[in-house]
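Worksheet for the structure shown next.
Each value in this text was obtained by applying a stated rule to the coordinates, not by laboratory testing. Just so it is clear, the structure is predicted and the values come from calculations on it, not from any experiment. Note that each Cβ is placed from the backbone with ideal geometry, even for glycine, and that neighbours are counted across all protein chains shown.
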Amino acid sequence: MGSITMTNHAAVRKQQRGISESVLDCLLEFGKISHDNRGGEVLYFDKRARQRCLTVMGKEMYRRLDGRFDVYAVRGMDGALLTVGHRRKRMHRA
């Protein structure tokens with residue numbers, strides 16, 4: 001997808017939490033967007049986003065990443081990623 005603009009905080013969190021670049025690329029390309037009511041957007045994988053990843057990536061690549069789709073990212077108004085993390089709770093629709 002190219003280089004991802006992210007804050008220093010997001011880069012540190014990505015490394016600490018072991019979120020791969022390929023999963024993050026899929027999240028930015030196919031993830032569902034929900035507004036956080038603070039001017040930013042929360043991106044996460046829902047059922048449709050996972051299905052689009054499977055269609056584009058193919059079964060073999062999808063299987064390698066299958067257990068790693070429990071992530072989210074917060075994108076600011078300028079388009080830079082503010083933070084990334086693992087989903088532990090259900091994402092509520094806005």
Exercise for review: Averaging sequence separations of C-alpha pairs under 8 Å and six or more residues apart, then dividing by the length of the chain, give the relative contact order as a whole percent.
Suggested key: 36 percent
**Study point:** Set of the range 14-46 residues, backbone N closer than 12 Å to the point 7 Å along the Cα-Cβ line of E60
**Key:** none
Practice item. Find which of A80, I4, F30 sits farthest along the positive direction of the dipole of the chain, computed with +1 on the beta-carbon of Lys and Arg, -1 on that of Asp and Glu, about the Cα centre. Key: F30
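Take each uninterrupted DSSP H stretch in the chain, measure its Cα extent along the helix axis, and return the ones at 30 Å or beyond whose mean Kyte-Doolittle hydropathy is at least 1.6.
For the chain, where a helix must reach 30 Å along its axis and average at least 1.6, there are no hits.
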Exercise for review: Find how much the distance from D36 to T5 grows on full extension, using 0.36 nm per residue of separation minus their present alpha carbon separation; answer in nm with one decimal.
Suggested key: 9.2 nm
Practice item. Once you have the Cα-Cα distance between L28 and R48, take 0.36 nm times their residue separation minus that, and quote the gain in nm to one decimal. Key: 5.8 nm
Review point. Which whole-number value in Å³ per residue fits the convex hull of the alpha carbons of the chain?
Key: 95 Å³
